[in-house]
Amino acid sequence: MSEPILSCRGLTKRFPGVVALDGVDFFARPGEVHALMGENGAGKSTLIKALTGVHPRDAGEAVLAGKSIHPRSPREAEAAGISTVYQEVNLIPDLSVAENICLGRQETTLGFIRWGAIRERASAALARLGVAVDVDKTLSDCSIAIQQLVAIARATDISARVLILDEPTSSLDDSEVEELFTVVRRLRDEGWAIIFVSHFLDQVYALADRITVLRNGKLVGEFLAAELPRLQLVAHMMGRSINEVEALQHREPPARPAGEPLVSVRGFGRRASVRPLDLEVRRGEVLGLAGLLGSGRTEVARLLFGLDRADSGEMHVEGKPAAMRSPQASLRARFALTPEDRKSQAILPNLTVRENLIIALQARRGIWRKIPRQEQDRLVSQFTRALGIKTSSPEQLIRNLSGGNQQKVILARWLATEPRLLLLDEPTRGIDVGAQADIERLLAKLRDEGLAIIFICADTAELARNSQRIAVMRDRAKVAELTGADLNEQAIMRAIAHGDASHPSS
Amino acid sequence: MWIDLVFWAGFAGLLWVNRSRPVFWPLLALGLLLLFNRFTTPGFFDLEIRDGRLYGSLVDVINQGSKVMLLALGMTLVIATGGVDLSVGAIMAIAGAVLAQVVGVAHLSVTVAIVAALAAGLLAGAWNGLLVAGLRIQPIVATLILMVAGRGIAQLITDGQIINFEQPALVFLGNGSLFGLPFTLTLVLAMFIFTALLVRGTALGLFIEAVGDNETASHFTGLSAQRVKFLVYVFAGFCAGLAGLVAASNIKSADANHAGLYLELDAILAVVVGGTALTGGRFQLAGSLVGALLIQTLSTTLYARNVSADIAPVPKAIVILAVCLLQSPVLRGKIARLGRFLPKTKGGAA
Ligand SMILES: Nc1ncnc2c1ncn2[C@@H]1O[C@H](COP(=O)(O)OP(=O)(O)OP(=O)(O)O)[C@@H](O)[C@H]1O
Ligand SMILES: [Mg+2]
């Protein structure tokens, strides 16, 4: 075991109404991956931001390679040797991949930017990660996964010694995660100290040598990954006993309800987006949508919700022909969609938690029928309790909430509209295991009360345990539908790979 | 004098009540400017009652500033959606031309003339709204069209003539007084209350802020961003029509070339100084009014001190810069780190 290259002692950070970090000690050692774990709002991102100069820290010291450091901005932190990919990726969508990687570090001759050098440097940085992207492509044309990898390429393009990754994998599929881990392991073997935040326990155990757990801004402890059983880790994070945690994980498989479909589509598709497909979902049923990133899952949700218009096929709602021409029409039909990209598609960053929560319901009621303030407050307190949203006040700006808590507010926004059909695109992204269990339980309850749910999720285990049926997508087409005994991870994987659950060889 | 005392105590109270609101900074700047005038500009605070109405520099500020205040109300909502309306000055000219044409040439009643002028404002706003919301043209470009063409349209309406009018009701609009105070003050206050009720009594204000804050996300929640945008341009057009009435009434005629010239810039400044960010999102209606008053007080101050009109923009720019700097979170963070004495502003004015 080597000496820490980075030691933090007594890190403290207060925000109005919360102590986000309370005297936390943290150490990073060269050649090690150190996972930072904790529930939503435990203070993981705050620790990283206090360390890298995004937030000034209220107390505590950080020592890097024997020198005390006081970065006042991420750039100063980079210069000192700490490179970071933040939870909310901060790249510039309108610039090219190459420009994003080299921004602020351009090579110039007499003040002129040397574009050739920039392209080469960006290509090299991406090649190190084994990522093949055209560096001249505009970033917003790349998938979120690629954007994430570009951010990592940017972070590793400088000669730093500490690399921090705050939930880097939350938008990646399995193979991309594996790709990323290969890169991280290589960097680790080159002697980087790597700090890694994730809510995926599998990934943490696959990658981390050491685990530090935070709870409510306080340090719970530092553990060797090999010596910390999973259940114990979860128990530490949640502050509950192991028995309680075990009870949480137990769940009986739901059976498919009888009845007419609430929504059914035939030959439903859109050119260059989704090939014509048939789908139906009943009241009280969860239909899972499986598939790799880019397989068309999100596009199906967009079509059903009227964000894109179908150019073939027909849709029936409760047996009557219907067409969703816009999100407004979907809202009136009591459809709801929590989108995949929280930051750009869901969050109204400078509005309060209350405003973010009631906005969809208010949109359905229209401009003139304002929801009375009392009713707003009642909704907010009802949902903060039901979903365990951690916020210092309902009037807090939503951008000041931790990522997972923002996600819960978005879910609450749609539940408040009392939908008939709920489309969930990666709803548990960035949500901690405890909250995930809470949300799964809440959704199960709503399902039993007659809500129809279409559930998109990259995590096949999560998909299998929550769905009564699973439609598998590949190359923008529906390739299989799984029911009954086939609702397990292996069958899903097989269907994704081969397009059919029962014949692995075909 | 006791009136002096009451005034300053009242102002201090206003500052205290608003100490943690974004409107604090423009209000403070206004207070400082008034205080400066109190001690260095002779006669600035003198008030005189003649024929049952008040006269003095302060009254001038309100009367002269009323047009920018009216414009600023509409401009605030437009800017909050992330847009801007460059055409309001030209719409003023159109509304004035319609007014003068209807009473001066067509000889119709004053009521008809006022309704026609306001309708012209609404129509012009609807045109802007159509370009921005319907055709998705960038607001600067879309409203530039009417800004450039508007004065020509006004010329066409009046056939290139300067039309004078004498109807007492119309003259009263921009020059009369009610309860000893300029009638324009009543007009501005009524319009302010109407606007506040319109945006806060309904969900319109929330929708405007949502669209300005994140248009994509608003679309995903089933909000019609285009409808909201259309409405704010129509409203800005209406405000400009009203300001055009006042401007025409001030000079008892329609002057297509000079009515409301450059006032769109003052209105934008008033909104920004008042604490609404040009990037859209949260807006400060009261802040915009204070911003307009601040700008007008500056102009009147410079005029009262005989600063030539050619260099007057320089001190004006300096004061505005100072207010904007005071609102900058970066600078305030730096100062706060030094002193920790500045009050924290809620709602993040930038
Ligand atoms: N700028 C801010 N202003 C006020 N409160 C804040 C701010 N940033 C974070 N907080 C609060 O600090 C606490 C810790 O947040 P942090 O983002 O560090 O959580 P996290 O552990 O990263 O959670 P997640 O897993 O959801 O990302 C939360 O209660 C959050 O609401
Ligand atoms: Mg976080």
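The values are calculated or read from the model by the stated rules, or taken from the named source; none is laboratory data. All figures in this text were calculated on a predicted structure; none of them were measured in a lab. Cβ atoms come from the backbone with ideal geometry, glycine included; neighbour counts cover every protein chain shown. Accessible surface is based on the protein model in full, side chains and every heavy atom, while ligands, DNA and RNA are left aside. Shrake-Rupley method; radii C 1.70, N 1.55, O 1.52, S 1.80 Å.
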key: Relative counts (whole %) of C-alpha pair distances in the stretch A:253-370, using bins that are 5 Å wide   = 2, 10, 17, 21, 19, 15, 11, 5, 1
message = Is the C-alpha gyration tensor of the stretch A:119-178 telling us rounded, prolate or oblate? Criteria: a/c under 1.5 is rounded; beyond that, a/b larger than b/c is prolate, otherwise oblate.
response = oblate
key: Dipole of chain A, positive end: most advanced residue of A:M493, A:A42, A:A206 [Cβ charges, Cα centre]   = A:A42
query = Alpha carbon centre of the stretch A:6-33 versus the stretch A:322-370: separation in Å?
reply = 37 Å
inquiry  = Using a 10 angstrom Cβ neighbour count of at most 12 plus a DSSP loop assignment to flag exposed chymotrypsin sites (Phe, Trp or Tyr not before Pro), which longest range of chain B is free of such sites?
reply    = B:1-178
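Quick one: work out the % antiparallel among DSSP beta bridges in the stretch A:6-249, nearest 5. Display every interim value, and only then the final one.
Working: 23 of 41 bridges.
Of the beta bridges lying entirely in the stretch A:6-249, close to 55 percent run antiparallel.
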request  = Compute the FRET efficiency between B:I318 and A:S2 as 1/(1 + (r/R0)^6), taking r as their Cβ-Cβ distance and R0 = 51 Å, and round to the nearest 0.05.
outcome  = 0.30
note = Each label sits 7 Å from Cα toward the beta-carbon; between A:A127 and B:A106 the label points are separated, in nm, by 7.5 nm
Potential lengthening between A:T182 and A:I113 on full extension [0.36 nm per residue; Cα-Cα distance subtracted] = 21.5 nm
query = When the dipole is taken about the Cα centre of chain A, and only Lys, Arg (+1) and Asp, Glu (-1) are charged at their Cβ, what size is it in debye, to the nearest 20?
reply = 1560 debye
Amide hydrogen neighbours beyond the local backbone of B:I137, cut-off 5 Å, H modeled = B:V132
query = With labels modelled as points extended 7 Å from the Cα through the Cβ direction, what inter-label distance (nm, one decimal) is found for A:K445 paired with B:I3?
reply = 6.6 nm
query = Given the Cα atoms of the protein assembly as shown, and with Rh set as the inverse mean 1/r over their pairs in the Kirkwood sense, what is Rg to Rh to two decimals?
reply = 1.02
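Assuming 0.36 nm per residue, please report the length gained on full extension of the stretch B:T279 to B:L265 beyond their Cα-Cα distance.
Values: separation 14, 0.36 × 14 = 5.04 nm, distance 1.65 nm.
So the chain would gain 3.4 nm between B:T279 and B:L265.
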ask   = Which ³J(HN,Hα) values in Hz, rounded to whole numbers, follow from the phi angles of the stretch A:444-457 under the Karplus curve 6.51 cos²θ - 1.76 cosθ + 1.60, where θ = phi - 60° and Gly and Pro get x?
value = 4, 5, 5, 4, 5, 7, x, 6, 9, 10, 10, 10, 10, 7
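If you roll a 1.4 Å probe over the heavy atoms of the protein chains, what accessible area per residue do you get for the stretch A:419-461, in Å²? Don't jump to the answer; show the numbers that get you there.
Numbers: 1130 Å² over 43 residues.
Solvent-accessible surface per residue comes out at 26 Å².
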ask   = Based on the Cβ-Cβ distance from A:L224 to A:D311, what FRET efficiency comes out when R0 is 41 Å, to the nearest 0.05?
value = 0.15
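Considering Cα pairs under 8 angstrom that are at least six residues apart, work out the relative contact order of chain B and quote it in whole percent.
31 percent
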remark   = For the stretch A:343-418, the percent of accessible surface on carbon and sulfur atoms (probe 1.4 angstrom, ligands and nucleic acids excluded) is 47 percent
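Rounding to the nearest 20 debye, state how big the charge dipole of the stretch A:343-418 is about its Cα centre with +1 on each Lys and Arg Cβ and -1 on each Asp and Glu Cβ. Before the final figure, lay out the partial values.
Numbers: 13 positive and 5 negative charges, 17 e Å.
Computed charge dipole of the stretch A:343-418: roughly 80 debye.
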ask   = What's the carbon and sulfur percent of the stretch B:30-83's accessible surface, probe 1.4 angstrom, rounded to a whole number?
value = 56 percent
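Taking R0 as 25 Å, what FRET efficiency do you get between A:S344 and A:A323 from their Cβ-Cβ distance, rounded to the nearest 0.05?
Values: r = 27 Å, r/R0 = 1.06.
Step by step, r from the Cβ atoms, then E = 0.40.
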query = In whole percent, how big is the carbon plus sulfur part of the accessible area of the stretch B:118-243, probe 1.4 Å, protein atoms only?
reply = 73 percent
ask   = Label points 7 Å out from Cα along the Cβ direction at A:R332 and B:V307: separation in nm?
value = 5.6 nm
ask   = What is the set of long-range amide H partners of B:T276 at a cut-off below 5 Å, with H atoms built 1.01 Å from backbone N?
value = B:Q284
message = Rolling a 1.4 Å sphere over the protein heavy atoms, what is the accessible area per residue of chain B, to the nearest Å²?
response = 45 Å²
Value at 222 nm in deg cm²/dmol, rounded to 500, when DSSP H runs of n ≥ 4 in chain A each add -39,500 (n - 2.57) = -10500 deg cm²/dmol
remark   = Across B:V110, B:V211, B:V84, the residue with the highest GNM fluctuation in chain B (Cα network, 10 Å cutoff) is B:V110
inquiry  = Let me spell out the model: positive unit charges on the Cβ of Lys and Arg, negative unit charges on the Cβ of Asp and Glu, origin at the Cα centre of the protein assembly as shown. What dipole size does that give, in debye rounded to 20?
reply    = 1400 debye
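What does the structure give for A:343-352 when I average, per residue, the other chain Cβ atoms found within 10 Å of the residue Cβ?
If you average over the peptide's residues, the count of other-chain Cβ atoms is 6.
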note = By the mean-Cβ-within-10 Å protection proxy, highest first, A:441-453, B:63-75, A:18-30 rank as B:63-75, A:18-30, A:441-453
request  = Apply the Karplus parameterisation 6.51 cos²θ - 1.76 cosθ + 1.60, with θ equal to phi minus 60°, to every residue of the stretch B:227-239 and state each ³J(HN,Hα) to the nearest whole Hz, in sequence, with x for glycine and proline.
outcome  = 5, 4, 5, 4, 4, 5, 5, 4, 5, 4, x, 5, 4
ask   = Interface B/A, total buried accessible area with a 1.4 Å probe, nearest 100 Å²?
value = 2400 Å²
ask   = HN-Hα J couplings of the stretch A:226-236 from phi, Karplus 6.51/-1.76/1.60, θ = phi - 60°, integer Hz, Gly and Pro as x?
value = 5, 9, 10, x, 3, 4, 5, 4, 4, 4, 4
inquiry  = Probe of 1.4 angstrom, ligands and nucleic acids ignored: what's the accessible area per residue over the stretch A:343-418, in square angstrom?
reply    = 38 Å²
ask   = Which of B:V211, B:G244, B:W127 sits closest to the plus end of the dipole of chain B, meaning its Cα is farthest towards the positive end, when Lys and Arg get +1 and Asp and Glu get -1 on the C-beta?
value = B:V211
